[in-house]
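J.: Dropping the structure in here first, questions after.
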Amino acid sequence: MANSPIEPQYFDSFDGARIAWRELGPKSGGGRPVVLIHGYFSNAQTNWIRYGHAAAVAERGFRVIMPDLRGHGDSARPHDAASYPPDVLMRDNMALIDHLGLTDYDLGGYSLGARTTVRMLANGVAPKRVVLSGMGLRGLTDTEGRGSYFRRILTNLGSFERGTPEWLTEAFLKTTNGDPEALVRVLDTFVDTPEAQIAAIRQPVLVVSGEEDEDNGPAPELADLLPHGQYRAVPGGHMSAVVKPELGREIADFLAA
């Protein structure tokens, strides 16, 4: 189930950009929708499907909906600046929810997907439960800090010493067939979310992160700020936690509780 190919479906977003998504699990008969958004440089197949996380959630009776973000995967990868206004990823995913007619659903993401989830919450979406994985407070309130790291990589490809974090990040970019010109534009879309807006999130929130992952700041700090946040650690760091089955199990257990 985890490794079977899932063909993408497509819709036109608010500005006509073609956005892809994949689904796993029942579409009717009690399959509760959950939208899961992948991280930067990644895609739905790599983040959620390849290592069995989507299957773990679907096996609990959920309809798992996994978009490819603009500039990533099978979605549109334009290179012009006009296609990447601030908060465009938030707008694309709100457009997907509207396109699918979802009203009673859960929402979450990994890393950039978690940041996109918070931007959606700050702009009025109302899921029942929320999953923020691979994310700390700093990654939401100070997006330029993490963005500058990726900008340096994308503008200096091929120059990093083997084994360094930058080299490993570039290696991951190659495995996902990422488009550097599109991805550097994605950095221009990042919008900070003030602590007050994060503290106003009223849904139950699972904050789940690799125990060695502080790429976006300490995840427990984010959980502590949320009125109904709970923190769970899984093995690994920012890149390696995604390949561990514990990540999918924690998400599935939280959603099914």
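The values are calculated or read from the model by the stated rules, or taken from the named source; none is laboratory data. Please read these numbers as outputs of a predicted model, since none were measured by experiment. As a convention, Cβ positions derive from the backbone with ideal geometry for all residues, glycine included, and neighbour counts pool all protein chains shown.
J.: Are there any pairs with C-beta distances below 7 angstrom linking a residue in the range 59-87 that is in contact (Cβ under 8 Å) with a residue 12 or more places away in the chain and within 18 Å of V35 (Cα to Cα) to a residue that is surrounded by fewer than 24 Cβ atoms within 10 Å (Cβ to Cβ) and of a type in the set (D, E), with the two at least 6 apart or on different chains, and if so which?
T.: Close Cβ pairs (under 7 Å, with a partner that is surrounded by fewer than 24 Cβ atoms within 10 Å (Cβ to Cβ) and of a type in the set (D, E)) amount to R63/E23; V64/E23; I65/E23; D68/D74.
J.: In contact with a strand residue (DSSP E or B) (Cβ under 8 Å, 6 or more places away or on another chain) and farther than 21 Å from G134 by Cα: is that true of Q45 in this structure?
T.: No; evaluated as a whole, the condition is false for this residue.
Yes/no per residue for (1) of a type outside the set (A, V, I, L, M); (2) over 27 Å from F190 (Cα atoms):
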site	(1), (2)
E7	yes, yes
R18	yes, no
K27	yes, yes
T46	yes, no
I49	no, no
R63	yes, yes
G71	yes, no
D74	yes, no
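J.: For the range 41-79, what are the residues that are hydroxyl-bearing (S, T, Y) and either within 17 Å of F254 (Cα to Cα) or buried (at least 24 other Cβ atoms within 10 Å of the Cβ) (or both)?
T.: S42
J.: Within 17 Å of E221 (Cα to Cα) and surrounded by fewer than 16 Cβ atoms within 10 Å (Cβ to Cβ), is that true of R162?
T.: no
J.: Let me ask something else. Scan (1) within 15 Å of M66 (Cα to Cα); (2) hydroxyl-bearing (S, T, Y); (3) more than 14 Å from the chain's Cα centre (by Cα) for the single condition T117 breaks and write down its number.
T.: The failed condition is (3).
J.: Ok, one more. All but one of (1) free of Cβ contacts under 8 Å to residues at least 12 places away in the same chain; (2) closer than 22 Å to D215 by Cα; (3) polar (S, T, N, Q) hold for S111, so report the exception by its number.
T.: (1)
J.: Moving on to the next point. When you check L132 against the structure, is it in contact with a Lys or Arg (Cβ under 8 Å, 6 or more places away or on another chain) and either assigned to a helix (DSSP H, G or I) or of a type outside the set (D, E, K, R) (or both), yes or no?
T.: no
J.: Continuing with the same structure: Has the range 2-18 got any residue that is surrounded by fewer than 19 Cβ atoms within 10 Å (Cβ to Cβ), in contact with a His (Cβ under 8 Å, 6 or more places away or on another chain), modelled with pLDDT of 95 or more and not polar (S, T, N, Q)?
T.: Checking the range 2-18: at least one residue is surrounded by fewer than 19 Cβ atoms within 10 Å (Cβ to Cβ), in contact with a His (Cβ under 8 Å, 6 or more places away or on another chain), modelled with pLDDT of 95 or more and not polar (S, T, N, Q).
J.: Which of the residues belonging to the range 152-184 are under 22 Å from Q45 (Cβ atoms), touching a residue at least 12 places away in the same chain (Cβ under 8 Å) and either of a type outside the set (A, V, I, L, M, F, W, C) or part of a loop (DSSP other than H, G, I, E, B) (or both)?
T.: Across the range 152-184, the qualifying residues are T169, E170, T175, T176, G178, D179, P180, E181.
J.: Residue by residue through the range 43-102, note down the ones that are charged (D, E, K, R) and at positive phi.
T.: Once the filter is applied, which keeps residues that are charged (D, E, K, R) and at positive phi, the range 43-102 yields only D87.
J.: Quick check on the range 199-219. Is at least one of its residues free of Cβ contacts under 8 Å to residues at least 24 places away in the same chain and either closer than 23 Å to S75 by Cβ or buried (at least 17 other Cβ atoms within 10 Å of the Cβ) (or both)?
T.: Scanning the range 199-219 turns up no residue that is free of Cβ contacts under 8 Å to residues at least 24 places away in the same chain and either closer than 23 Å to S75 by Cβ or buried (at least 17 other Cβ atoms within 10 Å of the Cβ) (or both).
J.: Also, I was wondering about something else. Can you give me the number of residues within the range 148-159 that are surrounded by fewer than 19 Cβ atoms within 10 Å (Cβ to Cβ) and either touching an Asp or Glu at 6+ places or on another chain (Cβ under 9 Å) or among the aromatic types (F, W, Y) (or both)?
T.: Summing the residues that are surrounded by fewer than 19 Cβ atoms within 10 Å (Cβ to Cβ) and either touching an Asp or Glu at 6+ places or on another chain (Cβ under 9 Å) or among the aromatic types (F, W, Y) (or both) in the range 148-159 gives 6.
J.: Any idea which of R152, R146, R202 is within 17 Å of the chain's Cα centre (by Cα) and of a type in the set (D, E, K, R)?
T.: Within the list R152, R146, R202, the selection yields R146.
J.: Oh, and also: From (1) assigned to a helix (DSSP H, G or I); (2) surrounded by 17 or more Cβ atoms within 10 Å (Cβ to Cβ); (3) out of contact with any helix residue (DSSP H, G or I) (no Cβ under 7 Å at 6 or more places or on another chain), pick out the condition that doesn't hold for L187.
T.: (3)
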